[in-house]
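Q: Got a structure for you, written out below as C-alpha cells; questions coming shortly.
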Amino acid sequence: MKTNRKIIFLVSLVLMHILSLTSIPTVKADETIPTPYYQNLDINGTYIYNVTQFGSTVGWYNFTPWPETSYEGAWNTNPGGQIKINFTGFYDKDFNDWGNLFGDPIPWLDIEIIENNLGILTTNFTLANRSNSEVARALTLGFNYFQSGFLIPTHNLTHIKNLAVNQSDPGGEYDIVGDVNTEETYNFFYIGFNQVGGGQQTHMIYDRETGLLVWARTSIFGYLLEIESLNFTVDYPSSLTYDVNQFGGEIGWFNFTPWPGNSYEGQWKTNPGGQIIVNFTGFYDKDPNDWGNVFDDPIAWFDIEIIENSSGILTTNFTLYNRSNSEIAWALTLGYNNFQPGFHIQNIENLTKVKKLALQEASGFVPGIVINEETELTLKITFEQVGGGQRTSILYEKRTGILLWANTSFGSYLIEMVIEGYSPWESEEELNAQRPNILSKFLPYIIIISISMVSALSVLAGSKINNKIRKFNKYFLIGIIATASFASFFVFTSSLEVAEVNEPLKEVHDITLIVDYGNGTIKTHENFELIKYNTTAFHALIKWCEIQYNNYGEMGILVEQIDGIKGNWRYSINGDFPGVSSNKYNLKNGDTVKWVYG
C-alpha cells in the first residue's frame, strides 16, 4: 500500500514538472505597473498596428518547452493586414528565455496576426499570454539580447540607449555584429541596427512618453515586416514651450486682418533665457489676407505668449490669441518667401512634397539657396539669401511636423529657440564652419616667410665668406622682400572668393516660354529671340504676357500677376528652379522658361 502511494506521488511530481514546462504562467500579474514603465498604460486596451510591408511566412517558436515541440506553426500577414496586441500584465521572464537584457518583470501580451484578403481582415495566427521577449524574437523586433518588442521602459532612456549600443557586438558565439544608432526628439525614441556585411536590418521608433512601439521596419534574409501604430496621436492642445537661446532686435507684429490698415499690433521681444509658448487651437483655413503660404488649407492656428527673462523672473512681454500658423511664421521669420511652415507642418507625412515646396521657394522675392537635411526622426531646412541678408534654419519632427528648433536672422533681428528638453543636431557643414582650418588658411604665408628668412640668412652667411658680395647685401635683401611681398599679394588675391556671375548676352535665340495658369490652360511660345541685352527670364515673360510685379531693388522683381491671374508665380529654367529673381537670371541660347501658378 505504501509502495502504491509512493508511485502515485512520483507520478504526480512528474506530471507537475511536465505541466510546468508546457504551460504559460496562469497567475495574473499585479495590476500595478512596474516603476520603469509608463504608469498610465491601458492594460486592458487593444493596440493595433497596420502592416505596410511583409515578406516570407515565418515559423513561431515558443520559449517553453524548448527546444522540444516548441514550434507552434507558421504565421503570415500582408500589406493592409494588422497585428493586434493586448497586454496581460507584467511577469518575470520565461525561464527558457533565449536571452533578454531587460530586467524582470517584463510585459506579457496576447497577439493576433491578421491578413487582408481583398479588403476582408481575417485572423491568421493567435497566441495568448506570451512574453514581450518571445514576441520580439518571433517578429524580429530587436537584435542580439536587446529584445525591446512592443514596449520599453521610459524612466531612463539614456540607460536604454546604452543597452542598445552595447549590443552592437556582445561577443557571443551566435551574436550578430552590427552598427547601432539611436536618436531622440520631443515625441520619439529611435533605435536602429544594421548588420555588418548585410543581413539583419531592424529600425524601431517608440513613443517617448508611453514606451509603446510606434513604427518598425525589420528584415533578415527573406523576412520583411513594416508596421505602424494606429493608436499614436499627437496631443496638439497641450502647450509647446520653446527656450530662447539668442535674441536680437525688437520687432513689430502685423496682423493679417485687417490688412493693410490698422494691422500693427505692437512691438514684441524676448531675450536669452526667455520663452515662447504656443497652444494649438485648431485647424482652419488660412486668413483671407494671408500674404502667401504654399501649404494647403486647413493649417494650424495657435495662441502665442512671448516671455522675457528678467534676472531669472519670467515675465510675459506679448500675447496673441488664435493666430494662424502662417501669420506667426511671418512675424517670427520661421520661413522664407511663400514657404511659411512656422510651428507646424500639417502634411509632414508627404515628406517628398514638403521638401519640394521648400526647394521651389528658393526663387521667391528673396532669392536664396535651400538645403534639406534628414535624420531618422527629423527634417532640417536651411535657407540662405544670395548676397547675405536672411538666414533661416528650421528643424521639424518628421512624424508630427512639430517645430523642434529654429535659428533665424534677418538684418538686426535674430532668434534661436529650441523646444524644451531637446538638443538639436548639427550638420558637418555647421560644425566645420564653427572650427575653420586656420592652418590651411595661413600655410602659404608661413611658407613664404620661411623661404624668405632662409634666403636672407643664406645671403648674410655668404657675405661673411666672400667679402666681395657684402656690398650687394641690401640689393639681395630688397629683392627677397619684394619677391615675398609679390607672392603674398598673389596668394591673397587668388584666395578671394568671387561669386559666379551668369553674364548677360546681347542676344539669345531659340527661346521657349511656357505659362501654366493652373486651371488647365497652358500657353507655349517657341523659337523666339531676345535682343539688346533684354535677355533675362523676366524679359521672356513680358514679351508675350501682361503682368503685374513689385520691384524690390537689389533683391529683384516679384511677379504677382500674369494675364490677369494673381497668385504665387514661380519659374524654372530647363526644369530647374533657380535661386535668383527672374530679372537676374540671364538666358542662354535654347533655354526653356516655364512659369507655373501655384
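The values are calculated or read from the model by the stated rules, or taken from the named source; none is laboratory data. Keep in mind the model is a prediction, meaning the values are calculated, not measured. Cβ placement follows ideal geometry from the backbone for every residue including glycine, while neighbour counts extend to all protein chains displayed.
Q: Here is a check on your reading of the model: is N519 polar (S, T, N, Q) and part of a loop (DSSP other than H, G, I, E, B)?
A: yes
Q: Okay, next question. Within segment 558-598, can you find the residues that are farther than 16 Å from G292 by Cα and part of a strand (DSSP E or B)?
A: Selection gives I562, Y571, S572, I573, D576, N586, T592, V593, K594, W595.
Q: Please state which of the following conditions A329 fails to meet, knowing it meets all the rest: (1) at pLDDT below 95; (2) in contact with a Phe, Trp or Tyr (Cβ under 8 Å, 6 or more places away or on another chain); (3) not in a strand (DSSP E or B).
A: (1)
Q: Considering only segment 231-320, give the strands (runs of 3 or more DSSP E) lying wholly within it that have at least 1 residues that are in the same structural domain as W405 (by TED's automatic domain parsing) and under 27 Å from the mean Cα position of the chain (by Cα).
A: In segment 231-320, 239-248, 275-284, 299-310 are the strands (runs of 3 or more DSSP E) which contain 1 or more residues that are in the same structural domain as W405 (by TED's automatic domain parsing) and under 27 Å from the mean Cα position of the chain (by Cα).
Q: Follow-up. Can you give me the number of residues within segment 85-108 that are in contact with a Leu (Cβ under 7 Å, 6 or more places away or on another chain), surrounded by fewer than 22 Cβ atoms within 10 Å (Cβ to Cβ) and in a strand (DSSP E or B)?
A: 2
Q: Looking for something modelled with pLDDT of 95 or more and assigned to a helix (DSSP H, G or I) - is there at least one such residue anywhere in segment 151-159?
A: no
Q: Return yes when E426 is modelled with pLDDT of 90 or more and surrounded by fewer than 15 Cβ atoms within 10 Å (Cβ to Cβ) and no when it is not.
A: no
Q: Return the residue satisfying two criteria in turn: it lies in segment 210-229 and is in contact with a Phe, Trp or Tyr (Cβ under 7 Å, 6 or more places away or on another chain) and assigned to a loop (DSSP other than H, G, I, E, B), and of such residues it is surrounded by the most Cβ atoms within 10 Å (Cβ to Cβ).
A: The extreme case among them is G211.
Q: Across segment 361-376, what is the total count of residues that are surrounded by fewer than 21 Cβ atoms within 10 Å (Cβ to Cβ) and either at pLDDT 90 or above or acidic (D, E) (or both)?
A: Looking only at that region, the number is 7.
Q: Out of the residues in segment 575-598 meeting the condition of being charged (D, E, K, R) and surrounded by fewer than 17 Cβ atoms within 10 Å (Cβ to Cβ), tell me which one is farthest from E526 (Cα to Cα).
A: This residue is D576.
Q: For segment 33-52: of the residues being aliphatic (A, V, I, L, M) and in a strand (DSSP E or B), which is surrounded by the fewest Cβ atoms within 10 Å (Cβ to Cβ)?
A: Top of the filtered list is I48.
Q: Suppose we filter segment 208-226 for residues that are of a type outside the set (S, T, N, Q), closer than 22 Å to I106 by Cα and either over 21 Å from the mean Cα position of the chain (by Cα) or at pLDDT 95 or above (or both); how many remain?
A: Looking only at that region, the number is 6.
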